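Data block below; observations after.
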Amino acid sequence: MNHPLYMARALELARRGLYSTHPNPRVGCVVVAEGTVVGEGWHVRAGESHAEVHALRQAGERARGATAYVTLEPCSHHGRTPPCAEALVAAGVGRVVAAMQDPNPQVSGRGLARLRQAGIEVEVGVLEAEARELNAGFVKRMERGLPLVRVKLAMSLDGRTAMASGESQWITGAPARAAVQRLRARSSVVLTGADTVLADGARLTVRGEELGLAPEQAALALQRPPLRVLVDGGLRVPLDAPFFQAGPALVASCAAEREAAYRAAGHELLALPGEADRVDLPALLAELAARGANEVLVEAGPRLAGAFARLGLVDEYRIFVAPKFLGSTARPLLELPLERMAEARALKIRDIRAVGEDWQIVAVPA
Ligand SMILES: [Zn+2]
């Protein structure tokens, strides 16, 4: 029994759902009988069969007495599909190895208990860290009622994002922009602010041809595009802006006025508490989580991105670094006024790699 090897394969399968399963978690399953993989499956999209069902169907009779490797505890509740724990019991598997317990309070431990009760041997925790990482947004939403917040930034080597005039297009090259497209596609929500939309005409859409994915996966990504959220406390962005022309959006504001106008144009206006036209960001995040958002990608200017940083709301920074200097009058990465060294925000760099001519840094608050 090579648990990590088969679990790694199950995780590989789960990753195929990176762009399509939300609000559900990405899950993969491998059924192994006498050292041979007899069934594989992954969850494609919410409302459709879970990974276990696909794998068991492929395994057929060979599932009897076999070991099922699942990247997440099999579900035990009747959601939009019947519970997988029952399917595993019915298929007569002898053992289930799960990477992690389901953080969903409707499941957490009950799926495993159901399997044990049926006499199935159960093991949990194989490649758990990798499994949690793959569904970090789902795990955070289940455990804390908040989505994972990823802030994407693009800067020059001297830490600048735009010229003083605001001119900022195309700091990074095409491969970095494709990476940003994939970050958008995997997110439940792409969030920006009025400054960015007004200055750049940003639309924050996912464009299939720019994803750099296999056609099949790009098609999956486009079936479930992220919700575009505009933080516009003072309702400054006009309804004829390219952002609103690009499809339905959610506008988070401190004002409820003109609600009918937004609705008539196909958008939703969400009135949240806030002072001086500054939207209460924690309240917004809680609302997005309540709507099933696992991962939120923030693509905003220094003011809004800085507000997320100041409030300690960021789980991960994705900083694209272009090998150029924009000079000392250009704009900073974040509006984060700090006075003393003791106030410096410490980060841990998780990953750094070349993306075309640019570099991508993945950093998390230390
Ligand atoms: Zn299930």
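Between a first residue in region 45-66 that is under 16 Å from residue 13 (Cβ atoms) and a second residue that is away from the ligand (no atom under 11 Å from the Cβ) and assigned to a loop (DSSP other than H, G, I, E, B), which pairs have beta carbons less than 7 Å apart while being 6 or more apart in sequence or on different chains?
45/20; 45/21; 45/224; 59/66
Scanning for something surrounded by fewer than 22 Cβ atoms within 10 Å (Cβ to Cβ), in contact with a Lys or Arg (Cβ under 8 Å, 6 or more places away or on another chain) and touching a residue at least 60 places away in the same chain (Cβ under 8 Å), does region 110-126 turn up at least one residue?
Scanning region 110-126 turns up at least one residue that is surrounded by fewer than 22 Cβ atoms within 10 Å (Cβ to Cβ), in contact with a Lys or Arg (Cβ under 8 Å, 6 or more places away or on another chain) and touching a residue at least 60 places away in the same chain (Cβ under 8 Å).
Going by the conditions given, is residue 330 in contact (Cβ under 8 Å) with a residue 12 or more places away in the chain, under 21 Å from residue 195 (Cα atoms), assigned by the TED database to the domain that holds residue 178 and out of contact with any Cys (no Cβ under 7 Å at 6 or more places or on another chain)?
Yes; evaluated as a whole, the condition is true for this residue.
Any residue at all in region 191-203 that is modelled with pLDDT of 95 or more, within 16 Å of the chain's Cα centre (by Cα), surrounded by 21 or more Cβ atoms within 10 Å (Cβ to Cβ) and not assigned by the TED database to the domain that holds residue 14?
Looking through region 191-203, at least one residue is modelled with pLDDT of 95 or more, within 16 Å of the chain's Cα centre (by Cα), surrounded by 21 or more Cβ atoms within 10 Å (Cβ to Cβ) and not assigned by the TED database to the domain that holds residue 14.
How about region 28-49: which of its residues are touching a Pro at 6+ places or on another chain (Cβ under 9 Å) and not hydrophobic (A, V, I, L, M, F, W, C)?
43
Check residue 172 against each of (1) part of a strand (DSSP E or B); (2) more than 20 Å from the chain's Cα centre (by Cα) and name the one condition it does not meet.
(1)
For region 56-65, which residues satisfy the criterion of being among the small types (Gly, Ala, Ser) and either surrounded by 23 or more Cβ atoms within 10 Å (Cβ to Cβ) or near the ligand (Cβ under 9 Å from one of its atoms) (or both)?
Answer for region 56-65, where residues must be among the small types (Gly, Ala, Ser) and either surrounded by 23 or more Cβ atoms within 10 Å (Cβ to Cβ) or near the ligand (Cβ under 9 Å from one of its atoms) (or both): 59, 63.
If you go through region 82-109 one residue at a time, how many are within 22 Å of residue 5 (Cβ to Cβ) and either of a type in the set (Asp, Glu) or open to solvent by 60 Å² or more (accessible area, probe 1.4 Å) (or both)?
1
Can you tell which of 52, 34 is within 14 Å of the ligand (Cβ to nearest atom) and either under 30 Å from residue 225 (Cβ atoms) or not basic (Lys, Arg) (or both)?
Residue meeting the stated conditions: 52.
Give me the residue from region 303-317 that is open to solvent by 40 Å² or more (accessible area, probe 1.4 Å) and not in a loop (DSSP other than H, G, I, E, B) and, out of that set, nearest to residue 158 (Cα to Cα).
Only one residue tops the list, namely 303.
Taking the condition of being within 16 Å of residue 129 (Cβ to Cβ), out of contact with any His (no Cβ under 9 Å at 6 or more places or on another chain) and open to solvent by less than 20 Å² (accessible area, probe 1.4 Å), how many residues in region 8-22 meet it?
2
Has region 214-225 got any residue that is surrounded by fewer than 14 Cβ atoms within 10 Å (Cβ to Cβ) and modelled with pLDDT of 95 or more?
Scanning region 214-225, I find no residue that is surrounded by fewer than 14 Cβ atoms within 10 Å (Cβ to Cβ) and modelled with pLDDT of 95 or more, so the answer is no.
Quick check on region 110-131: of everything there that is within 16 Å of the ligand (Cβ to nearest atom) and part of a loop (DSSP other than H, G, I, E, B), which residue is nearest to residue 100 (Cα to Cα)?
120
Out of (1) under 21 Å from residue 321 (Cβ atoms); (2) modelled with pLDDT of 95 or more, what's the single condition that is false for residue 242?
(1)
With the structure loaded, tell me whether residue 27 is under 21 Å from residue 136 (Cα atoms) and either among the basic types (Lys, Arg) or open to solvent by 10 Å² or more (accessible area, probe 1.4 Å) (or both) or whether it fails that test.
So residue 27 fits the description; yes.
Out of 174, 179, 129, I need the residue that is touching a strand residue (DSSP E or B) at 6+ places or on another chain (Cβ under 6 Å) and open to solvent by 10 Å² or more (accessible area, probe 1.4 Å). Which one?
Being touching a strand residue (DSSP E or B) at 6+ places or on another chain (Cβ under 6 Å) and open to solvent by 10 Å² or more (accessible area, probe 1.4 Å) holds for just one of 174, 179, 129, which is 179.
Which residues, counting only those in region 73-107, are within 22 Å of residue 127 (Cβ to Cβ), within 10 Å of the ligand (Cβ to nearest atom) and aliphatic (A, V, I, L, M)?
Passing the criteria: 85, 88, 107.
Do the conditions hold for residue 268, that is, is it acidic (Asp, Glu), touching a Gly at 6+ places or on another chain (Cβ under 7 Å) and open to solvent by 60 Å² or more (accessible area, probe 1.4 Å)?
Answer is no for this residue.
The values are calculated or read from the model by the stated rules, or taken from the named source; none is laboratory data. Since this is a predicted model, take the numbers as computed values, not measurements. Counting neighbours? That spans all protein chains shown, and the Cβs are built from the backbone with ideal geometry, glycine included. Each accessible area value is taken on the protein alone, full model and side chains, heavy atoms only, with ligands, DNA and RNA left out. Shrake-Rupley method; radii C 1.70, N 1.55, O 1.52, S 1.80 Å.
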